[in-house]
1. With label points built 7 Å along Cα→Cβ from the Cα atoms of E202 and K175, find their separation and express it in nm.
2. If I take R0 = 45 Å and measure r between the Cβ atoms of N57 and Q147 in this structure, what FRET efficiency does the formula 1/(1 + (r/R0)^6) give, to the nearest 0.05?
3. Taking every DSSP beta bridge with both residues inside segment 31-248, roughly what % is antiparallel (nearest 5)?
4. Under a plain spin-label model, where a point goes 7 Å from the Cα along Cα-to-Cβ, how far apart in nm are S302 and N42?
5. Determine the percent antiparallel among the DSSP beta bridges restricted to segment 245-325, to the nearest 5.
6. If you average the alpha carbon positions of segment 158-234 and of segment 246-325, how far apart do those two centres end up, in angstrom?
7. In terms of the Cα gyration tensor, with a ≥ b ≥ c the square roots of its eigenvalues, is segment 197-325 rounded because a/c is under 1.5, prolate because a/b exceeds b/c, or oblate?
8. Tell me which label goes with the value of mean projected area of the Cα convex hull in nm² computed from the coordinates here: (i) 17.3; (ii) 16.1; (iii) 18.3.
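Laboratory data are not the source of any read-out in this text; all were calculated from the coordinates shown. No experiment lies behind these values; they were computed from the predicted model shown. Quick reminder, even Gly has a Cβ in these numbers, built from the backbone with ideal geometry, and neighbours come from all protein chains shown.
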Amino acid sequence: MKLVNHHHLKPIIFLCQFFLIATLIIACHSTEINTSTNTNNNGCIQKYDHNTDYFPNKIKITRTTGFAVEYHKHYKIITIKNPWQNANTKFQYVLVQCGTPTPKGFNQARVITVPINSIVSLSTTHLPHLAKLGVVDKLIGISNSKQVNNPDVFERIKAGKLTQVGDNSNVDIEKVLELNPDFVTTFGTGNSQTDSYTKLTEAGLKVAINSEYMEDTPLGRSEWLKFTALFFNKDEQAETIFSEIANKYERVAQKAKSVKNRPIVFVGFNFKGTWYMPGGKSYVAKYLADAGANYLWSDDKSSGSLPLSFEVVFERAANADTNSL
């Protein structure tokens, strides 16, 4: 099987450059913006005024389809629209500005005081958000240190400032309770036997589901940065960061449209004899198309993974210019 065709080396190099830009979607430098007034060091309001809008700089959702936010003067309501595949339920969280009254009529288990000052993350894909927002110092617990590749988080691991609490399906509830975080972020699959969400909430912890993995576009996933920002009152900062990310991505994607020789590529991995390929409507396929590549399974209509036999993969991919396994 050919891995590289030198005739297509130039577009492949461009493809690599595109992926470098794509990784910036979760690694963009940012500066902290402080918009709070009349607050103490924890971000709590000292003198509540019912006429004041405590969230003057609001997030606008433009690419993500998985969550929405509704602003009120002293609280925000987040709705998770699509928590997992084929979900028939939604989740709603009420984020109340610290130092202001809790609105009535909501499930108190889903009322969270913001800004939060400590967080446990049960997915390493959520960690780059903390780095970009400048709040890694608020992170006190993670799922598995071996899966961390963010340098800021890694420094906290080396300093002994992070506790491993297990992943979504094997979370150590007692360890999380000992840490006593303001907030826990996790994800769901719809399997009550393995999902940690219900166990954590029953233990009295403030938990929210982040379902960024359900998005089928790169920028849709990237915009979940704003979801994380809402809990830290970093709304304005998240808007600025995401705007920069989206502009960079679109400039590169526009440039890639002029590529004449589109390299033929396939991606995926082999697990116990079965090859798993991203569906033609997945965010990976969108990455490849925007990078100027010709993905061999682009004609597929699914957004998840395709389980394929080695023979099927070999027949179609034998003459690919490159692969990413």
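1. 2.0
2. Once rounded, the FRET efficiency stands at 0.85.
3. 45
4. Distance between the two pseudo-spin positions: 4.9 nm.
5. Once the DSSP bridges in segment 245-325 are tallied, antiparallel ones form about 60 percent.
6. Measuring centre to centre over Cα atoms gives 30 Å.
7. oblate
8. Computing mean projected area of the Cα convex hull in nm² and matching it to (i) 17.3; (ii) 16.1; (iii) 18.3 gives (iii).
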